[in-house]
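Read through the structure below, which is laid out as C-alpha coordinates, and then see the notes.
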Amino acid sequence: MKRIALLGATGSIGRQAIEIVSEHPELELVAAASGTQPVDGLAPLTQVGGDLTELLERAEPDVVLNAVVGFAGLPVTLWALEAGVDLALANKESLVAAGELALAAQERGAGLLLPVDSEHSASFQCLEGRDPASVESLVLTASGGPFRGRSADELADVTPSEALAHPTWNMGPKITVDSATLANKGLELIEAHFLFGLSYDRLEVVVHPTSIVHALVRFRDGGALAHLGYPDMRVPISYALTYPERASTPVPSLDLSAGLTLEFHPPDLEAFPLLALAREAGERGGTAPCVFNAANEVAVEAFLEERIRFADIAEIVAASLESLDLSPAADVEELSAADAQTRAFAEGALSRA
Ligand SMILES: NC(=O)c1ccc[n+]([C@@H]2O[C@H](COP(=O)([O-])OP(=O)(O)OC[C@H]3O[C@@H](n4cnc5c(N)ncnc54)[C@H](OP(=O)(O)O)[C@@H]3O)[C@@H](O)[C@H]2O)c1
(Lines give C-alpha, C1' and ligand atoms only; values in the text may rest on other atoms or scores of the structure.)
Protein backbone atom coordinates (compact mmCIF):
# COMPACT_ATOMS: atom_id res chain seq x y z
CA MET A 1 0.00 0.00 0.00
CA LYS A 2 1.14 3.54 -0.76
CA ARG A 3 -0.27 6.27 1.46
CA ILE A 4 -1.01 9.35 -0.64
CA ALA A 5 -1.51 12.91 0.62
CA LEU A 6 -3.19 15.08 -2.01
CA LEU A 7 -2.96 18.87 -1.70
CA GLY A 8 -5.11 20.75 -4.20
CA ALA A 9 -7.68 17.95 -4.23
CA THR A 10 -10.50 20.08 -5.70
CA GLY A 11 -8.52 21.25 -8.75
CA SER A 12 -8.07 19.84 -12.22
CA ILE A 13 -5.03 17.73 -11.25
CA GLY A 14 -6.54 16.89 -7.86
CA ARG A 15 -9.75 15.47 -9.34
CA GLN A 16 -7.86 13.37 -11.88
CA ALA A 17 -5.56 12.11 -9.11
CA ILE A 18 -8.61 10.98 -7.10
CA GLU A 19 -9.79 9.02 -10.15
CA ILE A 20 -6.38 7.32 -10.46
CA VAL A 21 -6.23 6.49 -6.74
CA SER A 22 -9.77 5.04 -6.79
CA GLU A 23 -8.77 2.66 -9.60
CA HIS A 24 -5.75 1.25 -7.75
CA PRO A 25 -6.35 -0.68 -4.53
CA GLU A 26 -2.62 -0.39 -3.71
CA LEU A 27 -3.01 3.42 -3.48
CA GLU A 28 -4.68 4.84 -0.39
CA LEU A 29 -5.71 8.49 -0.06
CA VAL A 30 -4.85 9.32 3.56
CA ALA A 31 -5.14 13.12 3.40
CA ALA A 32 -6.74 15.71 1.12
CA ALA A 33 -6.66 19.51 1.21
CA SER A 34 -7.93 22.49 -0.73
CA GLY A 35 -7.74 26.27 -0.46
CA THR A 36 -11.42 27.16 0.02
CA GLN A 37 -13.72 24.48 -1.38
CA PRO A 38 -15.00 21.64 0.86
CA VAL A 39 -13.09 18.33 0.87
CA ASP A 40 -15.08 16.49 3.59
CA GLY A 41 -15.15 12.74 3.14
CA LEU A 42 -12.46 12.64 0.45
CA ALA A 43 -9.91 11.13 2.86
CA PRO A 44 -9.62 10.26 6.57
CA LEU A 45 -7.76 13.54 7.16
CA THR A 46 -8.88 16.71 5.38
CA GLN A 47 -8.11 20.40 5.61
CA VAL A 48 -9.32 23.57 3.93
CA GLY A 49 -6.71 26.32 3.84
CA GLY A 50 -4.33 26.93 6.72
CA ASP A 51 -0.90 25.41 7.21
CA LEU A 52 -0.80 22.36 4.96
CA THR A 53 2.37 21.03 6.59
CA GLU A 54 0.40 20.35 9.81
CA LEU A 55 -1.85 18.04 7.83
CA LEU A 56 1.19 16.33 6.31
CA GLU A 57 2.77 15.79 9.73
CA ARG A 58 -0.38 14.05 10.92
CA ALA A 59 -0.93 12.05 7.73
CA GLU A 60 2.53 10.40 7.55
CA PRO A 61 2.23 9.82 3.79
CA ASP A 62 4.53 7.76 1.55
CA VAL A 63 3.87 10.13 -1.36
CA VAL A 64 2.82 13.78 -1.37
CA LEU A 65 1.05 14.94 -4.52
CA ASN A 66 1.38 18.71 -4.60
CA ALA A 67 -1.41 19.91 -6.90
CA VAL A 68 -1.87 23.32 -5.29
CA VAL A 69 -1.70 26.20 -7.75
CA GLY A 70 0.88 28.96 -7.33
CA PHE A 71 3.45 29.99 -4.72
CA ALA A 72 0.99 28.84 -2.03
CA GLY A 73 2.29 25.31 -2.73
CA LEU A 74 5.83 26.10 -1.56
CA PRO A 75 5.54 24.84 2.06
CA VAL A 76 4.26 21.49 0.78
CA THR A 77 7.17 21.07 -1.64
CA LEU A 78 9.76 21.99 0.98
CA TRP A 79 8.14 19.82 3.67
CA ALA A 80 8.18 16.69 1.47
CA LEU A 81 11.72 17.26 0.18
CA GLU A 82 13.10 17.99 3.65
CA ALA A 83 11.32 14.98 5.19
CA GLY A 84 12.50 12.63 2.43
CA VAL A 85 8.90 11.75 1.56
CA ASP A 86 8.49 11.12 -2.18
CA LEU A 87 7.10 14.22 -3.88
CA ALA A 88 4.88 14.01 -6.96
CA LEU A 89 5.12 17.60 -8.11
CA ALA A 90 2.46 19.30 -10.21
CA ASN A 91 2.97 22.65 -8.48
CA LYS A 92 5.71 23.95 -10.78
CA GLU A 93 5.58 27.45 -9.26
CA SER A 94 7.23 26.24 -6.04
CA LEU A 95 10.21 24.72 -7.85
CA VAL A 96 10.54 27.75 -10.11
CA ALA A 97 10.46 30.23 -7.23
CA ALA A 98 12.58 28.23 -4.79
CA GLY A 99 14.72 25.98 -7.02
CA GLU A 100 17.97 26.20 -5.06
CA LEU A 101 16.29 25.89 -1.65
CA ALA A 102 14.22 22.95 -2.90
CA LEU A 103 17.23 21.09 -4.28
CA ALA A 104 19.15 21.63 -1.04
CA ALA A 105 16.16 20.25 0.90
CA GLN A 106 16.01 17.26 -1.43
CA GLU A 107 19.68 16.54 -0.88
CA ARG A 108 19.13 16.52 2.88
CA GLY A 109 15.90 14.49 2.73
CA ALA A 110 17.02 12.09 -0.05
CA GLY A 111 13.46 11.36 -1.22
CA LEU A 112 12.29 11.12 -4.82
CA LEU A 113 11.14 14.16 -6.79
CA LEU A 114 8.76 12.87 -9.44
CA PRO A 115 7.50 15.44 -11.94
CA VAL A 116 3.78 15.45 -12.77
CA ASP A 117 3.94 18.15 -15.42
CA SER A 118 3.49 16.10 -18.61
CA GLU A 119 6.60 17.49 -20.34
CA HIS A 120 8.77 16.83 -17.30
CA SER A 121 7.33 13.39 -16.68
CA ALA A 122 8.15 12.66 -20.33
CA SER A 123 11.66 14.12 -19.97
CA PHE A 124 12.23 12.16 -16.76
CA GLN A 125 11.33 8.94 -18.58
CA CYS A 126 13.56 9.71 -21.59
CA LEU A 127 16.48 10.66 -19.33
CA GLU A 128 16.14 7.90 -16.75
CA GLY A 129 19.24 5.73 -16.56
CA ARG A 130 21.17 7.77 -19.18
CA ASP A 131 24.67 9.04 -18.70
CA PRO A 132 24.25 12.84 -18.31
CA ALA A 133 27.37 13.31 -20.46
CA SER A 134 25.54 11.67 -23.40
CA VAL A 135 22.68 14.18 -23.28
CA GLU A 136 22.97 17.10 -25.68
CA SER A 137 19.72 18.92 -24.98
CA LEU A 138 16.15 18.59 -23.86
CA VAL A 139 13.25 19.81 -25.99
CA LEU A 140 9.99 20.81 -24.31
CA THR A 141 6.96 20.97 -26.57
CA ALA A 142 4.25 23.63 -26.36
CA SER A 143 0.86 23.40 -28.02
CA GLY A 144 1.08 27.14 -28.68
CA GLY A 145 -2.22 27.68 -26.84
CA PRO A 146 -5.38 29.24 -28.26
CA PHE A 147 -3.50 32.20 -29.81
CA ARG A 148 -0.87 30.32 -31.78
CA GLY A 149 -0.11 32.14 -35.04
CA ARG A 150 -1.40 35.53 -33.88
CA SER A 151 0.76 38.66 -33.93
CA ALA A 152 1.32 40.92 -30.91
CA ASP A 153 -1.19 43.40 -32.39
CA GLU A 154 -3.83 40.70 -32.78
CA LEU A 155 -3.36 39.73 -29.14
CA ALA A 156 -3.85 43.18 -27.65
CA ASP A 157 -7.55 42.84 -26.87
CA VAL A 158 -8.17 39.13 -26.42
CA THR A 159 -10.55 38.31 -23.57
CA PRO A 160 -10.21 35.92 -20.61
CA SER A 161 -12.79 33.58 -22.11
CA GLU A 162 -10.79 33.39 -25.36
CA ALA A 163 -7.61 32.75 -23.35
CA LEU A 164 -9.37 30.00 -21.37
CA ALA A 165 -10.29 28.04 -24.52
CA HIS A 166 -7.20 25.80 -24.70
CA PRO A 167 -7.04 23.66 -27.86
CA THR A 168 -5.55 20.45 -26.41
CA TRP A 169 -5.44 20.49 -22.57
CA ASN A 170 -8.29 20.93 -20.07
CA MET A 171 -6.73 22.55 -16.98
CA GLY A 172 -7.29 25.05 -14.16
CA PRO A 173 -7.69 28.76 -15.09
CA LYS A 174 -4.23 30.02 -14.03
CA ILE A 175 -2.22 27.47 -16.01
CA THR A 176 -4.59 27.87 -18.97
CA VAL A 177 -3.87 31.60 -19.17
CA ASP A 178 -0.16 30.80 -18.71
CA SER A 179 -0.44 28.49 -21.70
CA ALA A 180 -2.02 31.26 -23.76
CA THR A 181 0.84 33.69 -22.94
CA LEU A 182 3.52 30.93 -23.10
CA ALA A 183 4.51 31.91 -19.53
CA ASN A 184 3.70 28.28 -18.72
CA LYS A 185 6.44 27.08 -21.06
CA GLY A 186 8.76 29.64 -19.47
CA LEU A 187 7.98 28.28 -16.01
CA GLU A 188 8.57 24.79 -17.41
CA LEU A 189 12.01 25.78 -18.75
CA ILE A 190 13.05 26.87 -15.26
CA GLU A 191 11.42 23.79 -13.74
CA ALA A 192 13.40 21.57 -16.17
CA HIS A 193 16.64 23.37 -15.30
CA PHE A 194 16.20 22.50 -11.63
CA LEU A 195 14.80 19.00 -12.15
CA PHE A 196 17.39 17.77 -14.62
CA GLY A 197 20.42 19.96 -13.90
CA LEU A 198 20.64 21.19 -17.50
CA SER A 199 21.93 24.68 -18.31
CA TYR A 200 19.54 26.94 -20.21
CA ASP A 201 21.51 26.68 -23.48
CA ARG A 202 20.64 22.95 -23.44
CA LEU A 203 16.90 23.54 -22.99
CA GLU A 204 14.81 24.15 -26.10
CA VAL A 205 11.14 24.95 -26.63
CA VAL A 206 9.26 24.07 -29.81
CA VAL A 207 5.64 24.60 -30.71
CA HIS A 208 3.90 21.31 -31.48
CA PRO A 209 0.19 21.99 -31.98
CA THR A 210 -1.23 18.50 -31.42
CA SER A 211 0.55 17.92 -28.04
CA ILE A 212 1.33 14.29 -28.92
CA VAL A 213 5.08 14.52 -28.32
CA HIS A 214 5.49 15.75 -24.73
CA ALA A 215 9.27 16.04 -24.67
CA LEU A 216 12.30 14.90 -26.62
CA VAL A 217 15.89 14.33 -25.51
CA ARG A 218 18.71 14.76 -28.01
CA PHE A 219 21.82 12.63 -27.43
CA ARG A 220 25.38 13.25 -28.57
CA ASP A 221 25.27 10.45 -31.15
CA GLY A 222 22.62 12.29 -33.18
CA GLY A 223 19.76 10.15 -31.88
CA ALA A 224 16.78 11.48 -29.95
CA LEU A 225 14.23 9.83 -27.66
CA ALA A 226 10.72 11.22 -27.43
CA HIS A 227 7.71 10.45 -25.25
CA LEU A 228 4.39 10.30 -27.13
CA GLY A 229 0.79 9.96 -26.02
CA TYR A 230 -2.58 11.66 -26.14
CA PRO A 231 -2.66 14.82 -24.02
CA ASP A 232 -4.18 13.44 -20.82
CA MET A 233 -2.80 14.29 -17.38
CA ARG A 234 -3.93 10.97 -15.94
CA VAL A 235 -0.85 9.40 -17.56
CA PRO A 236 1.83 11.48 -15.77
CA ILE A 237 -0.23 11.55 -12.53
CA SER A 238 -0.47 7.76 -12.58
CA TYR A 239 3.21 7.41 -13.49
CA ALA A 240 4.25 9.52 -10.49
CA LEU A 241 1.86 7.84 -8.04
CA THR A 242 2.68 4.27 -9.06
CA TYR A 243 6.40 4.80 -9.83
CA PRO A 244 8.32 2.64 -10.65
CA GLU A 245 5.46 0.26 -11.56
CA ARG A 246 3.86 2.20 -14.47
CA ALA A 247 0.33 0.96 -13.75
CA SER A 248 -2.39 0.83 -16.41
CA THR A 249 -4.70 3.83 -16.96
CA PRO A 250 -8.00 4.30 -18.84
CA VAL A 251 -6.15 6.41 -21.43
CA PRO A 252 -6.09 4.74 -24.87
CA SER A 253 -2.75 4.16 -26.56
CA LEU A 254 -2.02 6.07 -29.75
CA ASP A 255 -4.07 5.12 -32.80
CA LEU A 256 -1.40 5.28 -35.49
CA SER A 257 -3.87 4.43 -38.26
CA ALA A 258 -5.72 7.70 -37.57
CA GLY A 259 -2.86 9.71 -39.06
CA LEU A 260 -0.96 11.56 -36.36
CA THR A 261 0.34 15.01 -37.22
CA LEU A 262 3.76 15.68 -35.77
CA GLU A 263 4.59 19.28 -36.73
CA PHE A 264 7.14 21.43 -34.93
CA HIS A 265 7.72 25.20 -35.22
CA PRO A 266 9.89 27.73 -33.39
CA PRO A 267 7.95 29.80 -30.82
CA ASP A 268 7.14 33.44 -31.70
CA LEU A 269 9.01 35.30 -28.95
CA GLU A 270 7.78 38.70 -30.15
CA ALA A 271 4.09 37.87 -29.82
CA PHE A 272 4.71 35.86 -26.61
CA PRO A 273 7.42 37.78 -24.74
CA LEU A 274 6.87 35.94 -21.45
CA LEU A 275 8.75 32.91 -22.76
CA ALA A 276 11.90 34.96 -23.38
CA LEU A 277 11.45 36.80 -20.08
CA ALA A 278 11.29 33.50 -18.21
CA ARG A 279 14.44 32.24 -19.91
CA GLU A 280 16.22 35.49 -18.97
CA ALA A 281 14.98 35.21 -15.38
CA GLY A 282 16.20 31.61 -15.22
CA GLU A 283 19.62 32.53 -16.59
CA ARG A 284 19.84 35.51 -14.24
CA GLY A 285 19.17 33.20 -11.26
CA GLY A 286 18.91 34.52 -7.70
CA THR A 287 15.33 35.53 -6.96
CA ALA A 288 14.62 36.43 -10.62
CA PRO A 289 12.53 33.26 -11.17
CA CYS A 290 10.62 34.01 -7.93
CA VAL A 291 9.98 37.58 -9.11
CA PHE A 292 8.90 36.33 -12.55
CA ASN A 293 6.48 33.91 -10.94
CA ALA A 294 4.99 36.29 -8.38
CA ALA A 295 4.45 39.12 -10.88
CA ASN A 296 2.90 36.66 -13.31
CA GLU A 297 0.52 35.29 -10.66
CA VAL A 298 -0.70 38.79 -9.79
CA ALA A 299 -1.06 39.82 -13.43
CA VAL A 300 -2.88 36.63 -14.48
CA GLU A 301 -5.40 37.04 -11.67
CA ALA A 302 -5.98 40.67 -12.68
CA PHE A 303 -6.40 39.63 -16.33
CA LEU A 304 -8.96 36.98 -15.34
CA GLU A 305 -10.84 39.68 -13.38
CA GLU A 306 -10.70 41.91 -16.51
CA ARG A 307 -8.69 44.56 -14.68
CA ILE A 308 -5.84 44.55 -17.24
CA ARG A 309 -5.37 43.58 -20.90
CA PHE A 310 -3.64 40.41 -22.11
CA ALA A 311 -0.52 42.31 -23.22
CA ASP A 312 -0.23 43.96 -19.79
CA ILE A 313 0.68 40.61 -18.20
CA ALA A 314 4.09 40.61 -19.89
CA GLU A 315 4.54 44.36 -19.26
CA ILE A 316 3.99 43.90 -15.52
CA VAL A 317 6.36 40.93 -15.32
CA ALA A 318 9.04 42.81 -17.30
CA ALA A 319 8.69 45.91 -15.10
CA SER A 320 8.98 43.77 -11.95
CA LEU A 321 12.16 42.09 -13.21
CA GLU A 322 13.64 45.49 -14.13
CA SER A 323 12.77 47.24 -10.88
CA LEU A 324 13.25 44.71 -8.09
CA ASP A 325 16.29 43.32 -6.30
CA LEU A 326 17.09 39.90 -7.78
CA SER A 327 19.86 38.81 -5.44
CA PRO A 328 19.65 35.23 -4.12
CA ALA A 329 17.54 34.32 -1.08
CA ALA A 330 19.47 32.63 1.73
CA ASP A 331 16.39 30.97 3.22
CA VAL A 332 12.61 30.62 2.90
CA GLU A 333 12.01 33.84 4.84
CA GLU A 334 14.08 35.86 2.35
CA LEU A 335 12.38 34.13 -0.55
CA SER A 336 8.92 34.81 0.88
CA ALA A 337 9.93 38.45 1.34
CA ALA A 338 10.97 38.63 -2.33
CA ASP A 339 7.64 37.08 -3.32
CA ALA A 340 5.67 39.54 -1.15
CA GLN A 341 7.65 42.54 -2.38
CA THR A 342 7.03 41.53 -5.99
CA ARG A 343 3.31 41.12 -5.37
CA ALA A 344 3.15 44.61 -3.85
CA PHE A 345 5.07 46.07 -6.80
CA ALA A 346 2.92 44.23 -9.36
CA GLU A 347 -0.31 45.32 -7.61
CA GLY A 348 0.90 48.92 -7.93
CA ALA A 349 1.72 48.35 -11.60
CA LEU A 350 -1.84 47.08 -12.25
CA SER A 351 -3.30 50.52 -11.67
CA ARG A 352 -0.82 52.06 -14.11
CA ALA A 353 -1.52 49.42 -16.81
N1 LIG B 1 -4.26 21.15 -14.79
C2 LIG B 1 -3.32 20.57 -15.47
O3 LIG B 1 -3.57 19.85 -16.42
C4 LIG B 1 -1.87 20.81 -15.09
C5 LIG B 1 -0.86 20.30 -15.90
C6 LIG B 1 0.46 20.46 -15.51
C7 LIG B 1 0.77 21.14 -14.34
N8 LIG B 1 -0.24 21.64 -13.57
C9 LIG B 1 0.10 22.38 -12.35
O10 LIG B 1 -0.61 21.79 -11.27
C11 LIG B 1 -0.98 22.80 -10.32
C12 LIG B 1 -2.50 22.76 -10.13
O13 LIG B 1 -3.10 23.10 -11.37
P14 LIG B 1 -4.67 22.91 -11.61
O15 LIG B 1 -4.87 23.17 -13.05
O16 LIG B 1 -5.12 21.61 -11.03
O17 LIG B 1 -5.24 24.13 -10.76
P18 LIG B 1 -6.75 24.38 -10.25
O19 LIG B 1 -7.71 23.55 -11.02
O20 LIG B 1 -6.92 25.85 -10.21
O21 LIG B 1 -6.69 23.82 -8.75
C22 LIG B 1 -5.87 24.39 -7.79
C23 LIG B 1 -5.99 23.66 -6.49
O24 LIG B 1 -5.15 24.32 -5.52
C25 LIG B 1 -5.95 24.59 -4.35
N26 LIG B 1 -5.40 25.75 -3.67
C27 LIG B 1 -5.24 27.00 -4.14
N28 LIG B 1 -4.69 27.81 -3.20
C29 LIG B 1 -4.50 27.04 -2.11
C30 LIG B 1 -3.98 27.26 -0.82
N31 LIG B 1 -3.56 28.47 -0.44
N32 LIG B 1 -3.92 26.21 0.04
C33 LIG B 1 -4.38 25.00 -0.31
N34 LIG B 1 -4.87 24.72 -1.52
C35 LIG B 1 -4.94 25.72 -2.40
C36 LIG B 1 -7.34 24.81 -4.88
O37 LIG B 1 -8.29 24.72 -3.85
P38 LIG B 1 -9.76 25.43 -4.04
O39 LIG B 1 -10.46 24.63 -5.07
O40 LIG B 1 -10.37 25.32 -2.72
O41 LIG B 1 -9.47 26.83 -4.49
C42 LIG B 1 -7.41 23.67 -5.90
O43 LIG B 1 -7.65 22.45 -5.25
C44 LIG B 1 -0.47 24.13 -10.90
O45 LIG B 1 0.77 24.43 -10.34
C46 LIG B 1 -0.31 23.85 -12.39
O47 LIG B 1 0.68 24.62 -12.99
C48 LIG B 1 -1.55 21.50 -13.93
Cross-chain or 6+ apart pairs with Cβ under 8 Å, region 167-188 first and farther than 14 Å from A299 by Cβ, then aromatic (F, W, Y) and near the ligand (Cβ under 7 Å from one of its atoms)
T176/W169; S179/W169
If you scan region 97-117, which residues turn out to be open to solvent by less than 10 Å² (accessible area, probe 1.4 Å) and small (G, A, S)?
A97, A98, G99, A102, A105
Which residue out of G35, G84, G41 is out of contact with any Asp or Glu (no Cβ under 6 Å at 6 or more places or on another chain) and either free of Cβ contacts under 8 Å to residues at least 24 places away in the same chain or under 24 Å from H214 (Cα atoms) (or both)?
G41
Does region 108-117 include one or more residues that are within 14 Å of the chain's Cα centre (by Cα), of a type outside the set (G, A, S) and more than 12 Å from the ligand (Cβ to nearest atom)?
yes
Filter region 242-270 for residues that are over 22 Å from the mean Cα position of the chain (by Cα) and hydrophobic (A, V, I, L, M, F, W, C); which is farthest from A311 (Cα to Cα)?
A247
Filter result for P61 (open to solvent by 50 Å² or more (accessible area, probe 1.4 Å) and either within 13 Å of the ligand (Cβ to nearest atom) or not in a helix (DSSP H, G or I) (or both))
no
Pairs under 6 Å by beta carbon, first residue within 13 Å of F196 (Cα to Cα) in region 105-126, partner away from the ligand (no atom under 13 Å from the Cβ) and assigned to a loop (DSSP other than H, G, I, E, B), six or more apart or different chains?
L114/Y243
Considering R343, R307, which residue is basic (K, R) and open to solvent by 70 Å² or more (accessible area, probe 1.4 Å)?
R307
Of all the strands (runs of 3 or more DSSP E) wholly in region 158-256, which have at least 1 residues that are away from the ligand (no atom under 15 Å from the Cβ) and surrounded by 20 or more Cβ atoms within 10 Å (Cβ to Cβ)?
203-207, 213-219
Suppose we keep only residues that are within 19 Å of Y243 (Cα to Cα) and in contact with a helix residue (DSSP H, G or I) (Cβ under 9 Å, 6 or more places away or on another chain) within region 8-19. Which one would you say is farthest from the ligand (Cβ to nearest atom)?
E19
Provide a single number: the residues in region 84-96 that are away from the ligand (no atom under 11 Å from the Cβ) and either open to solvent by less than 40 Å² (accessible area, probe 1.4 Å) or within 11 Å of the chain's Cα centre (by Cα) (or both).
3
Give the residue, chosen from A276, A302, A319, that is open to solvent by less than 50 Å² (accessible area, probe 1.4 Å), out of contact with any Leu (no Cβ under 7 Å at 6 or more places or on another chain), part of a helix (DSSP H, G or I) and within 22 Å of A183 (Cα to Cα).
A319
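The values are calculated or read from the model by the stated rules, or taken from the named source; none is laboratory data. No experiment lies behind these values; they were computed from the predicted model shown. With ideal geometry, Cβ positions are generated from the backbone for all residues, glycine too; neighbour counts draw on all protein chains shown. Just the protein is used for accessible areas: all its heavy atoms, side chains included, with ligands, DNA and RNA removed. Shrake-Rupley method; radii C 1.70, N 1.55, O 1.52, S 1.80 Å.
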